[in-house]
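A short worksheet on the structure shown next.
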Amino acid sequence: APARIAVTGLAVMGSNLARNLARHGYRVAVHNRSHARTEALIADHGHEGDFVPARTLEELVASLQTPRQIIIMVKAGAPTDAVIDELVPLLEPGDMVIDGGNAHYADTRRREAALKEAGLHFVGAGISGGEEGALNGPSIMPGGSKESYRHLGPVLEDIAAKVDDVACCVHVGPDGAGHFVKMVHNGIEYADMQLIAEAYDLLHRVGGLAPAEVAEVFRGWNTGDLESYLVEITAEVLGHVDAATGAALVDVIADEAEQKGTGRWTVQEALELGVPVTGIAEAVFARSLSGRAGQRQAVRAAFGSADVVGGATDSLVEDVRQALYASKVVAYAQGFDQMRAASAEYGWDLDLGAMATIWRGGCIIRARFLDRIREAYDKDPELASLLVDDYFRDAVRSAEEAWRRVAVKAVTAGVPAPGFVSALAYYDGLRSERLPASLIQGLRDFFGAHTYRRTDREGSFHTLWSGDRSQVDA
Ligand code: NBP
């Protein structure tokens, strides 16, 4: 019998996805550029289900029922294009090519348009959850045509993570929508991790708590509003003792955070769209700063490092918890704003509540909190900001004093908390009656005759700064 679906690219993600499909009873055709990987998959896991190994893409294509569905799981970028170029001449109109890699959404838009010319469906599907998710149920964010989703949706929903029996997979929107949403997911993940790291740093350096003690704090937090995968594994990492030295492992790991680039992409796109995603930007920059070893050493030599203050109190722990929660609300509010802006820009018609729903399981940012976001958008799909939803408004209001105390403590102690502090500035920026943007407009008009608008009259105006300083219509 022909295979139901195919996977090409059998490194860790592709082979686990193929196994996931097979374990759900699908006959899966599998292929990899170097055949050894295909053989290894069959040898190690062939007994788990119904695999059809293929030595070439021709064989793979020939083994499939029509319309064909082929998932590409290779390295993002040029390798993905290489596979698509080789595959397209072998396919027939109506066939579906699914890219499950971490593609940039602009590449996905380009590929979708090109394949449409050939009568093919190209589906850029964001897949989150790493290797464990790919095997046991990832969060899946497929873009592409509605028609392709009619064929693919049932399979993808089958293999996706489930929360309360709801699959963490939904048709996100046309062309690059799926990969865009996956990108923002990763950006939010950066912000979330940065905020968690700042909370740890404050409890450690201002509160004087040892990593194992902070691990206990996080374990406690994971039973409340902050319950999430990242908070749960923070307790695991902080509690881990290095076998070689007997020290906390976190004290032995080099403090230079690396990045593969999806956080940077999120910020770059936010700059293009004009959406302030300060939480994600601070997280990306904090990683960059951590990696500037030479500069850090030079500045530390010149100024010294802040001393540990010590003397953690229950109130500090509770303040940091509230600051973390409020800052997290801001980071998510910004990420959802960015998705809304992109949806308007590209005509995607994104259902923001559905995005929160499919992130509840399978992916790195899965959290109790996402139910609240879904509820907020269910109540009002046009919500101006997550911050104004009743639940989040109350949460931020009740956290506000603690949040400010933590920001003051961090600044006073000399412990960097760019995530907490910039989230607070964002909140204060949005709620200000008047912003000094009026002064910026005045300055722009002064040096560049860029004109300004007035609060009391329609139109554009210019002041004759170098003349008699009278105002003229521009
Ligand atoms: P890699 O990103 O390490 O890619 C290795 C695969 O790409 C191998 O199958 C390799 O074939 C194939 N490949 C390359 Br490289 N160049 C090729 C070419 N020119 N033509 C054909 N095949 C080529 O694999 P991965 O870590 O499994 O990730 C797969 C995708 O999933 C990536 O886009 C990644 O960003 C994404 N992703 C990864 C994770 C994760 O946690 N790792 C999570 C979510 C998404 P070979 O065996 O012949 O060299």
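The values are calculated or read from the model by the stated rules, or taken from the named source; none is laboratory data. Only a predicted model underlies this, so the values are computations on that prediction, with no experimental measurement involved. As a convention, Cβ positions derive from the backbone with ideal geometry for all residues, glycine included, and neighbour counts pool all protein chains shown. Protein only, heavy atoms only, side chains kept; ligands, DNA and RNA dropped before computing areas. Shrake-Rupley method; radii C 1.70, N 1.55, O 1.52, S 1.80 Å.
So for the chain, taking the charge dipole from beta-carbon charges (+1 Lys/Arg, -1 Asp/Glu), which of Gly442, Ala76, Ser63 sits furthest toward the positive end?
The listed residue farthest towards the positive side: Gly442.
Find out how many positive minus negative residues lie around Ile5, taking Lys and Arg as positive, Asp and Glu as negative, among other residues whose Cβ is under 9 Å from that of Ile5.
Net charge around Ile5: +3.
Binning every alpha carbon pair distance of the stretch 229-286 at 5 Å from zero, what are the percents per bin?
4, 15, 17, 16, 16, 12, 10, 6, 3, 1
Can you give me the long-range amide H partners of Asn102? Hydrogens built in the peptide plane at 1.01 Å from N, cutoff under 5 Å, separation of 5 or more residues or another chain.
Ala76
Please work out the Cα center distance from the stretch 60-108 to the stretch 150-176, rounded to the nearest Å.
If you average the Cα positions of each part, the centres end up 19 Å apart.
In Å², and per residue, what accessible area does the stretch 89-247 have when probed at 1.4 Å with the other protein chains present?
Dividing the accessible area of the stretch 89-247 by its residue count gives 36 Å².
Summarise the accessible area of the stretch 328-474 (1.4 Å probe, protein heavy atoms) by the percent that is carbon and sulfur.
52 percent
Given a Förster distance of 35 Å, report the FRET efficiency between Arg393 and Ser438 from their Cβ-Cβ distance, rounded to the nearest 0.05.
0.85
Provide the per residue accessible area, probe 1.4 Å, for the stretch 275-345, rounded to a whole number of square angstrom.
46 Å²
Go through the stretch 154-160 residue by residue and turn each phi into a ³J(HN,Hα) via Karplus (6.51, -1.76, 1.60, θ = phi - 60°); whole Hz please, and just put x for glycine and proline.
Rounded to whole hertz, the list is x, 5, 5, 5, 4, 8, 6.
Using a 1.4 angstrom probe on heavy atoms only, work out the carbon and sulfur share of the accessible area of the stretch 191-296 in %.
Exposed carbon and sulfur together represent 55 percent of the surface.
Quick one: net charge of Gly101's neighbours, Cβ under 13 Å, K/R +1, D/E -1?
Spelling it out: positives minus negatives among the neighbours equals +1.
Counting only protein heavy atoms and a 1.4 Å probe, tell me what percentage of the stretch 1-145's accessible area is made up of carbon and sulfur.
Taking all protein chains in place, the stretch 1-145 shows 51 percent carbon and sulfur surface.
Please list, in chain and number order, the residues 5+ apart from Val52 or on another chain whose amide H is under 5 Å from its amide H, with Hs placed from the backbone.
Sorted by chain and number, the residues that satisfy this are Val28, Ala29, Val30.
Computed FRET efficiency, Cβ-Cβ of His35 and Ala254, R0 35 Å: what is it to the nearest 0.05?
0.40
Could you give each residue of the stretch 172-188 its phi-based ³J(HN,Hα) in whole Hz, using Karplus coefficients 6.51, -1.76, 1.60 with θ = phi - 60°, and x for Gly or Pro?
Residue by residue, the stretch 172-188 yields 6, x, x, 5, x, 4, x, 6, 5, 5, 4, 4, 5, 3, 5, x, 4 Hz.
Direction-averaged shadow area of the convex hull around the Cα atoms of the stretch 89-145, nm²?
Reported value for the Cα convex hull: 4.3 nm².
Quick check on my link table: of Lys116/Lys260; Lys182/Lys260; Lys182/Lys328, which ones sit more than 21 Å apart, alpha carbon to alpha carbon?
Lys116/Lys260
Going by average Cβ density within 10 Å per residue, which order do the peptides 337-347, 322-332, 389-399 take, highest to lowest?
322-332, 337-347, 389-399
If you build the Cα gyration tensor of the chain and take the root of 5 times each eigenvalue, what three semi-axes come out, in whole angstrom, biggest first?
Those come to 42, 31, 21 Å.
Using the crude model of +1 on Lys and Arg Cβ and -1 on Asp and Glu Cβ, and no other charge, please compute the dipole size for the chain relative to its Cα centre, in debye to 20.
That gives a dipole near 620 debye.
Would you pull out the residues with amide H under 5 Å of Val163's amide H, same chain only if 5 or more places away, H placed 1.01 Å from N?
Hits under the 5 Å cutoff: Cys168.
Which whole-angstrom value gives the distance between the alpha carbon centres of the stretch 377-445 and the stretch 6-59?
A separation of 49 Å, based on Cα centres.
What FRET efficiency do you get for Ala384 and Ile42 if R0 is 60 Å and r is their Cβ-Cβ distance, rounded to the nearest 0.05?
According to the calculation, E is roughly 0.65.
Could you give the nm distance between label points at Val166 and Glu401, where each point is 7 Å from its Cα heading toward the beta carbon?
Placing both labels 7 Å along Cα→Cβ, they lie 3.5 nm apart.
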